[in-house]
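Here's the structure we're looking at; comments come further down.
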Ligand SMILES: [Zn+2]
């Protein structure tokens, strides 16, 4: 069971109070993109063993979307932040680095 925290209303709850929305930080393909670029945008997703960034919606609460960083191996939640944030907050990145020293944020990937 995952315990998530909504960064908008501050309420923590079990994952059943939230709805998953897939991988976070997906960059939308531009209109002039090739068919291959659209294919990657629409269908290619990471499935890492380790740190993963996901979208979640507080469906039983405020209804807003936000991002969660967690480990897919231990299910540890590193933190959550508002969906409009383009890069994970520095303090969250630091917290992840403490557990996974080789981890690094790659924008847009
Ligand atoms: Zn909320």
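Can you tell me how region 1-52 classifies by the Cα gyration tensor, rounded, prolate or oblate, using a/c under 1.5 as the rounded cut? In terms of gyration-tensor shape, prolate. Sorting 71-79, 59-67 by average packing, meaning the other beta carbons within 10 Å per residue, from highest down gives 59-67, 71-79.
Dividing the helix sum by the residues of the chain, where each DSSP H run of 4 or more adds -39500 (n - 2.57), gives a mean residue ellipticity at 222 nm of -5000 deg cm²/dmol.
Mind giving me the FRET efficiency for residue 29 and residue 106? R0 is 25 Å, r the Cβ-Cβ distance, nearest 0.05 is fine.
0.90
Overall shape: oblate for region 1-105, with the ratio a/c of the largest to smallest alpha carbon gyration tensor axis at 1.5 or above and b/c at least equal to a/b. Pull out a ≥ b ≥ c, the square roots of the eigenvalues of the alpha-carbon gyration tensor of region 39-101, then state rounded if a/c is under 1.5, prolate if not and a/b is larger than b/c, and oblate in the remaining case. In terms of gyration-tensor shape, oblate.
Rounded to the nearest 10 degrees, the angle from helix 90-99 to the longest Cα principal axis of the chain is 80 degrees.
Residue order for 32, 91, 54, fewest other beta carbons within 10 angstrom first, comes to 32, 91, 54. Using the average count of surrounding beta-carbon atoms within 10 Å as a protection proxy, the listed peptides 21-30, 8-17 rank, highest first, as 21-30, 8-17. Between the alpha-carbon centres of region 44-105 and region 1-37 there is a gap of 9 Å. Working from Cα pairs under 8 Å separated by at least six residues, relative contact order for the chain is 26 percent.
None of the figures in this text is laboratory data; all of them are computed from the coordinates on show. Predicted model only: the values in this text are computed from it and were never measured. Cβ coordinates were reconstructed from backbone atoms using ideal geometry, including for glycine residues, and neighbour counts include every protein chain displayed.
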